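In what follows, a structure is listed as structure tokens, so that the remarks can point back to it.
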Ligand code: ATP
Ligand code: MG
């Protein structure tokens, strides 16, 4: 394509609300344009790259035996009522009504729709397994849309769903998708890590997230260099420290004036923080119409509470949990800000971390101003309504598998694979008959790739101060030819010749024939991130051009013929991913 005819508008300035490289450069290079917070449109070059990412996903899905369909974004409430998620989904779901007041949502995901499709046709074990996918627009009214395509309110996801007769089949489908995801992200040129992920109330080890490693990522990953443990912070298990054997001493209430924090009270009493119990107070309310319920969570003083583990233990949706207002919770439950402990509470759910069960002679708030208990022991002095691992694994804590200190990294979640088992097939009546005519619920898995988020993650990992550095596999064009002087017939003829030659070889080429200064053209070529730049200037008369790779290459003066050869070889070697 000739740049003079392109709808191409780059920006010199950094747009106001763009904080991270992918957001800044995708806007500045004119790949995307914001319509409203969290909603973006794709301009010609952006759309080309988006299509390339989609095509990689499509090819790998097809290769793995999944079949493409396309479902509507608009979904009737009835399907979600069947699965029980209409009430449970919360404020991220975009709900709309038709002219007859019938309720719909703009799909945040499609488990219900795919389950419904498959139950219309599948009734026998002979028809299984099934694996269907789509590449489609999703809607989530995110609380904090940010970082451009990374967390938007309208985005493109590849989602697919597998349907098997049993868990063995599901396991096969799951790992088949897992490997397909590795191929997708390899071909996109991402540095990533599959990590064990939370699978919510379903529990078990049934999910992995694929995280593109990146400092600006929102996903905290804990991993071990000694063994292959790698998990999101939300999921990472914690092996309880073995508490030293101790005689239980008598419980004693002590005066601890003004010691509202763990640090203060431990200093005041001369205790290490691991001998104290920390209280965290929460309110639970899934709907404004519901009464507020209170939860007091207790962990060792030097630990943090993991709210994902907490909501799983309580079996509530994440959005229903908030920090409690102590002014309201105090009179209702007996808690006292800064001095709350497990003894003296009433009318609230007490959830105790497993580590506290064997910890002896602990210090905890006495539910009375300026007072703590010492020598508090689980079983004898207090009990939990729920006892579960609710603590956060942090950098330096022992690896839950091998005990070595764990490391931390940040990542962008670009995809997730998930074993659903019969979570949707059971309530929605998707069953099959086995060889003996007995009915069983179909065993399902679901798998998502954030296509638009992946595009942003690629930029996040592939840029410099001047702009994007696209891997060849997803570059909107492979080569940009900068024609220095558009009025010079020799230069023009040489540039056009090269342009044609490269296109005939199947390469995608921009000929920058705009009436702009060379400096502007060079800047734009860098900003757009086209992998190969060929400058046709003064030496065109001698058949010489400048050849430069966007990824750290020096400028080389070579013959136009050699430049063409090199570009063709490079693109052919890398167009399907390295
Ligand atoms: P997150 O934890 O980042 O909100 P999620 O776990 O809710 O994401 P899934 O339901 O697993 O997301 O969706 C599958 C994929 O869709 C994710 O792995 C991610 O790549 C992408 N995705 C999810 N939410 C968004 C969003 N708001 N904007 C862009 N992509 C998204
Ligand atoms: Mg996810």
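Hydrodynamic radius of region 6-94 by the Kirkwood approach over all distinct alpha-carbon pairs: 16.5 Å. Kirkwood hydrodynamic radius of region 465-572, from the reciprocal of the average inverse Cα-Cα distance over all distinct pairs: 13.5 Å.
Please list 554-563, 444-453, 39-48, 9-18 highest first by mean number of surrounding beta-carbon atoms within 10 Å per residue.
For the peptides 554-563, 444-453, 39-48, 9-18, the packing ranking is 444-453, 39-48, 554-563, 9-18.
Computed from Cα atoms, the angle from the helix 518-528 axis to the main principal axis of the chain rounds to 40 degrees.
Peptide packing for 66-73, 80-87 was compared via the average number of neighbouring C-beta atoms within 10 Å per residue; ordered from the highest value, the list is 80-87, 66-73. The protection proxy used here, the mean number of other Cβ atoms lying within 10 Å of each residue, ranks peptides 285-293, 91-99, 181-189 as follows, highest first: 181-189, 91-99, 285-293. Counting other Cβ atoms within 10 Å as a rough exposure proxy, the listed residues 430, 106 run 106, 430 from fewest neighbours to most. What the Cα atoms of region 146-291 give is an Rg and a Dmax of 22.8, 64 Å. Ranked for footprinting exposure by Cβ neighbours inside 10 Å, fewest first, 574, 247 give 247, 574. The orientation-averaged projection of the convex hull spanning the C-alpha atoms of the chain amounts to 33.3 square nanometres.
Values of log10 I(q)/I(0) for region 270-379 across q = 0.12, 0.21 Å⁻¹ run -0.40, -1.14, by the Debye formula with one identical scatterer at each alpha carbon and no solvent. Once the convex hull of all Cα atoms in region 320-455 is built, its volume per residue stands at 270 Å³.
Computed across region 44-151, the Kirkwood hydrodynamic radius from all distinct Cα-Cα pairs reaches 16.2 Å. Could you tell me how far the Cα centroid of region 334-399 sits from the Cα centroid of region 558-578, in Å? When both Cα centres are located, 65 Å separates them.
Angle of helix 167-187 to the longest C-alpha principal axis of the chain, folded into 0 to 90 degrees and rounded to 10: 40°. Estimated from helical segments only, the mean residue ellipticity of the chain at 222 nm is -8000 deg cm²/dmol, where each DSSP H run of four or more residues counts as -39500 (n - 2.57).
Given a cut-off of 21 Å, what percent of all Cα-Cα pairs of region 375-505 lie beyond it? Counting pairs separated by more than 21 Å, the tail of P(r) holds 76 percent.
Order of 487, 419, 158, 433 from fewest to most other C-beta atoms within 10 Å?
Taking fewest neighbouring Cβ atoms as first place, the list is 487, 433, 419, 158.
Gyration tensor over the Cα atoms of region 196-268: the corresponding equivalent ellipsoid has semi-axes (square roots of 5 times the eigenvalues, largest first) of 38, 19, 14 Å.
Each value in this text was obtained by applying a stated rule to the coordinates, not by laboratory testing. These numbers come from a predicted model, not from an experiment. As a convention, Cβ positions derive from the backbone with ideal geometry for all residues, glycine included, and neighbour counts pool all protein chains shown.
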